[in-house]
1. May I ask you to list the residues in region 129-150 that are in a loop (DSSP other than H, G, I, E, B) and over 21 Å from residue 165 (Cα atoms)?
2. Restricting the first residue to region 290-301 and requiring it to be within 15 Å of residue 265 (Cβ to Cβ), which pairs with a second residue that is surrounded by 13 or more Cβ atoms within 10 Å (Cβ to Cβ) and among the aromatic types (Phe, Trp, Tyr) meet a Cβ separation below 9 Å and a spacing of at least six or different chains?
3. Give region 94-115 a look and list any residue that's in a strand (DSSP E or B), open to solvent by 60 Å² or more (accessible area, probe 1.4 Å) and within 19 Å of residue 55 (Cβ to Cβ), or say none.
4. For region 184-219, what are the residues that are in a strand (DSSP E or B), at pLDDT 90 or above and within 23 Å of the chain's Cα centre (by Cα)?
5. Which residue, of 14, 4, 60, is at pLDDT 55 or above, out of contact with any Lys or Arg (no Cβ under 6 Å at 6 or more places or on another chain) and either open to solvent by less than 80 Å² (accessible area, probe 1.4 Å) or farther than 21 Å from residue 144 by Cβ (or both)?
6. For region 272-284: of the residues being more than 23 Å from residue 238 (Cβ to Cβ) and either assigned to a strand (DSSP E or B) or touching a residue at least 24 places away in the same chain (Cβ under 8 Å) (or both), which is least open to solvent (accessible area, probe 1.4 Å)?
7. I'm trying to understand the selection: among the residues of region 183-216, which are small (Gly, Ala, Ser), open to solvent by 30 Å² or more (accessible area, probe 1.4 Å) and touching a residue at least 12 places away in the same chain (Cβ under 8 Å)?
8. Considering only residues of region 249-265 that are assigned to a strand (DSSP E or B) and over 24 Å from residue 164 (Cβ atoms), which is least open to solvent (accessible area, probe 1.4 Å)?
Amino acid sequence: MAGLRVWITAIWILLFAIFNVALSNYSEDQCSWRGSGLSQQKGSVEQISLHCSEGTLDWLYPKGALRLTLSPRLPSMVVGPGGGSSSSGLITACVKPSEQFHGAQLYLERDGVLELLIGDRVESSPPPRVRCFSRLPGQRVALFLQATPHQDISRRIASFHYELRGDWTARLSPDSNPISSEDACRPCNNTEILMAVCTSDFVVRGNIRSVSEDENLKAAVIKVSATRVFRQKYALFTGNGRLTKQGEVRTLLQCGVRPGPGSFLFTGPVHFGEAWLGCAPRYKDFQRVYMIAKAAQQIPCELPVD
């Protein structure tokens with residue numbers, strides 16, 4: 001009887017291990033994937049398809065190769081801060097590798113041609129940077145991960161976070177450069193300001209405390225004292241102060257943002273958990289534009305303006 005119990009226990013352990021391997025390669029939400037190269041056959045290429053605008057991939061013990069197709073269910077007409085839809089249909093994707101990205105090389109596969117995005121890291125190299133690329137309508141684009149040979153793969157994980165956005169947000173990425181920096185840094189017009197209030201991930205009134213440089217992203221970091229948080233998608237502006245909260249907003253370094261007096265309305269998207277500057281008019285200018293549009297019943301959404 002004791003021998004039978006041991007045999008049954010061993011069977012259950014084996015089934016549990018098989019079940020875990022199966023689960024490790026299954027994405028319940030179709031946004032993220034986590035799997036192990038140990039379950040792949042030598043020389044095989046595992047096909048993965050994800051269908052969200054953002055998610056993660058974690059490839060433990062890389063061996064063989066993965067081919068990742070990103071097919072986000074985005075609206076057919078992507079609206080930017082100017083209120084107009086994306087006439088080009090261009091979709092921009094950005095990939096942010098983890099600081100411990102090891103064991104594989106990441107390529108962009110565009111119409112059958114491979115372009116290296118992220119190489120395998122050695123221990124002394126700096127963390128890899130965010131890489132962005134764009135896809136035209138009908139263009140076949142995929143990400144191809146190729147494991148690099150190592151004697152010991154036990155400590156190697158190829159992990160990254162991805163985001164897909166409409167073409168108007170591409171100007172916020174230091175690595176994509178789809179349009180000139182002059183266009184990226186120009187002030188928003190009145191229509192863009194009103195739309196930014198409705199479509200941005202954060203809408204905050206505040207003052208610039210200081211501006212520093214993020215050497216890794218080649219971006220300017222604006223430290224903001226927020227006197228009023230109208231909306232924020234994530235906890236970007238926080239603090240215990242009764243009147244102000246603290247937060248950071250990033251923008252392209254070439255825009256030349258400098259500290260100065262006055263109150264501004266900061267708006268923009270969140271990119272990999274960080275706030276990026278969209279429209280930022282002086283608050284008094286925003287008030288004037290908003291009140292004129294409200295009187296003409298031309299505001300796209302309400303905001304409790306003082």
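The values are calculated or read from the model by the stated rules, or taken from the named source; none is laboratory data. As the structure is a computational prediction, the values presented were derived from the model and not from experiment. Neighbour counts run over all protein chains shown; Cβ positions are idealised from the backbone, glycine included. Remember, those area values only see protein heavy atoms, side chains included, never the ligands or the DNA or RNA. Shrake-Rupley method; radii C 1.70, N 1.55, O 1.52, S 1.80 Å.
1. Within region 129-150, the subset in a loop (DSSP other than H, G, I, E, B) is 129-130, 136-140, 148-150.
Result: 148, 149, 150.
2. 299/290
3. 96
4. So the first thing to find is which residues in region 184-219 are in a strand (DSSP E or B), and the list is 202-214, 219.
Okay, now just the ones that are also at pLDDT 90 or above, so 202-212.
Listed by number, the residues that qualify are 202, 203, 204, 211, 212.
5. Details: 14 fails: at pLDDT 55 or above; 4 fails: at pLDDT 55 or above.
Exactly one residue qualifies, and that residue is 60.
6. Taking region 272-284 and keeping what is more than 23 Å from residue 238 (Cβ to Cβ), we get 281-282, 284.
When the remaining residues are screened for being either assigned to a strand (DSSP E or B) or touching a residue at least 24 places away in the same chain (Cβ under 8 Å) (or both), the result is 281-282.
On the way: 281: 20, 282: 95 Å².
Within region 272-284, the match that is least open to solvent (accessible area, probe 1.4 Å) is 281.
7. Initial filter on region 183-216 (small (Gly, Ala, Ser)): 184, 196, 200, 206, 210, 212.
The next check asks that each one be open to solvent by 30 Å² or more (accessible area, probe 1.4 Å); those that pass are 210, 212.
Within region 183-216, 210 is the sole residue that qualifies.
8. Let us first name the residues in region 249-265 that are assigned to a strand (DSSP E or B), namely 249-252, 264-265.
From what is left, the residues that are over 24 Å from residue 164 (Cβ atoms) are 264-265.
Details: 264: 30, 265: 1 Å².
Here the residue is 265.
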